[in-house]
1. List the number of the failed condition for Val153; all other conditions in (1) without any contact (Cβ under 8 Å) to a residue 40 or more places away in the chain; (2) near the ligand (Cβ under 10 Å from one of its atoms) hold.
2. I'm trying to understand the selection: among the residues of region 360-406, which are under 24 Å from the mean Cα position of the chain (by Cα), open to solvent by 80 Å² or more (accessible area, probe 1.4 Å) and of a type in the set (D, E, K, R)?
3. Answer yes or no as to whether Ile131 is under 19 Å from Ser355 (Cα atoms), in contact with a strand residue (DSSP E or B) (Cβ under 6 Å, 6 or more places away or on another chain) and buried (at least 18 other Cβ atoms within 10 Å of the Cβ).
4. In region 312-350, which residues are assigned to a helix (DSSP H, G or I), away from the ligand (no atom under 16 Å from the Cβ) and not polar (S, T, N, Q)?
5. Return the total of residues in region 46-83 being touching a Phe, Trp or Tyr at 6+ places or on another chain (Cβ under 7 Å), in contact (Cβ under 8 Å) with a residue 60 or more places away in the chain and open to solvent by 50 Å² or more (accessible area, probe 1.4 Å).
6. Scan Glu159, Glu144, Glu125, Glu136 and give me the residue that is buried (at least 22 other Cβ atoms within 10 Å of the Cβ) and either within 18 Å of Leu295 (Cα to Cα) or without any contact (Cβ under 8 Å) to a residue 60 or more places away in the chain (or both).
7. Could you check Asn207 against (1) in contact with a strand residue (DSSP E or B) (Cβ under 7 Å, 6 or more places away or on another chain); (2) at pLDDT 95 or above; (3) not hydrophobic (A, V, I, L, M, F, W, C) and say which number it fails?
Amino acid sequence: MDHKASEALQDLHYFGEFGGVNPSISDSSTYTFLSAKTMFDTFEGNTEGCYLYSRHSSPSNLYLGEALAALEGTEAANVTASGMGAISAVILQLCGAGDHIVSSRTIYGGTYAFMKNFLKRFQIEVSFVDITDLEEVNRAIRPETRMIYCESVSNPLLEVADIRGLSGISKGRNIPLVVDNTFSPLSIAPARLGADIVIHSLTKFINGTSDAVAGVVCASRDFCLALKDVNDGACMLLGSTLDSIRAASILKNMRTLHLRVAKHSENAQCLAQRFEKDGLRVVYPGLPSHTGHELMKSMMVEQFGFGGILTLDVGCVEKANQLMELMQKENLGYLAVSLGFYKTLFSAPGTSTSSEIPEEEQKTMGLSDGLIRFSIGLDNDIERTYERMKACMESLEILPTRPLAV
Ligand SMILES: Cc1ncc(COP(=O)(O)O)c(C=O)c1O
């Protein structure tokens, strides 16, 4: 697919206040006006380039938003204080009492909990469907459906959504398609494939240093302005505003996103192939055995690969815990939730990031308790990492021990 997001990011340039190579950080929550009339106009949303109050917008947040709009190829983007801040704002902007959402059933546990438990208070109903079954998606749509929601590559099962197909359905029924692209920045560009709104948890790959929590909504200029409306904008009124200092640090980290995503993918691809060959149950969209492999190939930017996340099923939660503890002891990564860090992170989603999903439903969607989710790091020598991970698996009898060389 011909998408030049990395070039668009490279070409963005801003000077700091004193000619600095990074834009100056806007260190103010409020802004002065020389005339009261301009303040009034700014409140009404009529003055471009004027700032009023940083919950509404700030120069640092606008710079980061511009870079994220360039990444996703959308007209505009609003940054938020977390991925959940972006997700909840989009949902509450689009849906009210009596409305309905069709959502993939395999999504991040926090999003699932928000939809399943929290939205009940607002009489917003959600139908959770198998997003890979377009017929099922079609059947679930009702006259009051206001959104189709999915993750391009799902957390934690790595199901790949057919964004072109879903967009065909959503456009035919005049319902926005909202895609969380947290797992596949640069690799997949959902807006180019027909999504109307693209969300990220910036906390993950886009920031890449696990030192900040942030999110973004990439969409049309009108939708982004609506989110910031002082009278009824969900971003403005629910208040999940990103701090300017964090916006500035995330923008700097974005400059290396293309290098990091390619390396995360290269390392994950190598480990997935090796572990599959060893006979382990590996799920990774870059493996031909993955049911979404061909689909992802048809949507992705090849250079950036299939992403940095893979899962291994080691049979039971006890083995999963032993393996994660041993790998951490051997300095192969951290037993920690989240993803996109430069070191490898691993966790068992059934008892952590997806624990909001009831056990019965975990079973139906294929989330077993021996499943470990790996966010593969930027290790320079991945062969060395593989050998050391394999030794951990052998010592726990997850893999048979190799005969000693004579
Ligand atoms: C796919 C996905 N979307 C959204 C979120 C929520 O993001 P945040 O933790 O930044 O609120 C997460 C967090 O793990 C996630 O994995």
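The values are calculated or read from the model by the stated rules, or taken from the named source; none is laboratory data. Everything numeric here is computed off the predicted structure, so don't read it as measured data. Using ideal geometry, Cβ is built from the backbone for each residue, glycine included, and neighbour counts are taken over all protein chains shown. When the accessible area is computed, the model is the full protein with side chains, heavy atoms only, and any ligands, DNA or RNA have been set aside. Shrake-Rupley method; radii C 1.70, N 1.55, O 1.52, S 1.80 Å.
1. Failing condition for Val153: (1).
2. First, pick out the residues of region 360-406 that are under 24 Å from the mean Cα position of the chain (by Cα): 361-379.
Pick out the ones that are also open to solvent by 80 Å² or more (accessible area, probe 1.4 Å) and you get 363-364, 369.
Correct list: Lys363, Asp369.
3. The answer is no for Ile131.
4. Answer for region 312-350, where residues must be assigned to a helix (DSSP H, G or I), away from the ligand (no atom under 16 Å from the Cβ) and not polar (S, T, N, Q): Val317, Glu318, Lys319, Ala320, Leu323, Met324, Glu325, Leu326, Met327, Lys329.
5. Counting residues in region 46-83 that are touching a Phe, Trp or Tyr at 6+ places or on another chain (Cβ under 7 Å), in contact (Cβ under 8 Å) with a residue 60 or more places away in the chain and open to solvent by 50 Å² or more (accessible area, probe 1.4 Å) gives 1.
6. The unique qualifying residue is Glu159.
7. Failing condition for Asn207: (1).
Quick grid of which residues meet (1) assigned to a strand (DSSP E or B); (2) surrounded by fewer than 20 Cβ atoms within 10 Å (Cβ to Cβ); (3) of a type outside the set (A, V, I, L, M):
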position	(1), (2), (3)
Leu242	no, no, no
His264	no, no, yes
Ala268	no, no, no
Leu287	no, yes, no
His290	no, no, yes
